[in-house]
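Below is one structure, written out as structure tokens; the observations come after it.
The values are calculated or read from the model by the stated rules, or taken from the named source; none is laboratory data. All of these numbers come straight from a predicted model, not from anything done at the bench. As a convention, Cβ positions derive from the backbone with ideal geometry for all residues, glycine included, and neighbour counts pool all protein chains shown. Quick note on the areas: whole protein, heavy atoms, side chains included, nothing else; ligands and nucleic acids left out. Shrake-Rupley method; radii C 1.70, N 1.55, O 1.52, S 1.80 Å.
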Amino acid sequence: MPFLVFAAIALIGAAIHLHRDSQPRSAARTIEIVFVWWMVVAVGIAAIFGAMFHLFDGEDTARNIGFTNGDGGFQTEVGFADLAIGTLGVLCARFRDGFLLAAVLAVSIAYLGDAYGHIYQAIAHDNHARDNTGLMLWADFIIPLTAIALYALRDRALRTQAAEAPVPSA
């Protein structure tokens, strides 16, 4: 459920930003605003929020994922990984270009890897706990695939804009 809240905040924030933006409107500018809001809120703040559950309530978080053996000690490592991804996402508000690509790659590898783990647990161990095969599984696909799509759209729009720019005469 928190995934939906952060995704909605990102999209609403981007819409407000676009409405209030005084810079000339272009496809590249519009996509970049949506992309950065997605990375900062839907990835960054959401991952930091998730990290807090893994770090400070690891046992219950493990149980919600369907891991009932042990104390959820692996949650500390997952929490710090989420914190790293969240920090990358939030820093997208300040850094662009290669940094955006690195952040998209990091969230994609981590979250698509998480999705693989959830699916494996469902198949191999019949783990259909709410946070294993529920909305979290969908989020592990939607968040990185949206980031990849927005990065690709932004890149294409920037290339198109550069190709259409007038060439200064010498």
Checklist line | Longest exposed-site-free window of the chain, the sites being trypsin sites (Lys or Arg not before Pro) in a DSSP loop that have at most 13 other C-beta atoms within 10 Å | finding: 97-170
Checklist line | Probe 1.4 Å, protein heavy atoms only - accessible area per residue of segment 70-170 in square angstrom | finding: 60
Notebook entry, point to check: Can you give the accessible area per residue of segment 1-65, in Å², using a 1.4 Å probe?
Noted result: 52
Note to self: I want to verify a result. In a Gaussian network model of the chain, Cα cutoff 10 Å, which of these has the top mean-square fluctuation: Asp97, Asp60, Asp155?
What the structure shows: Asp97
Checklist line | Relative contact order [Cα under 8 Å, 6+ residues apart], segment 1-108, whole percent | finding: 28
Notebook entry, point to check: What's the carbon and sulfur percent of segment 108-148's accessible surface, probe 1.4 angstrom, rounded to a whole number?
Noted result: 70
Next item on the list: Please find, in a Gaussian network model of the chain (springs between Cα atoms separated by less than 10 Å), the residue of Ile123, Ile12, Ile45 whose mean-square fluctuation is greatest.
Entry: Ile123
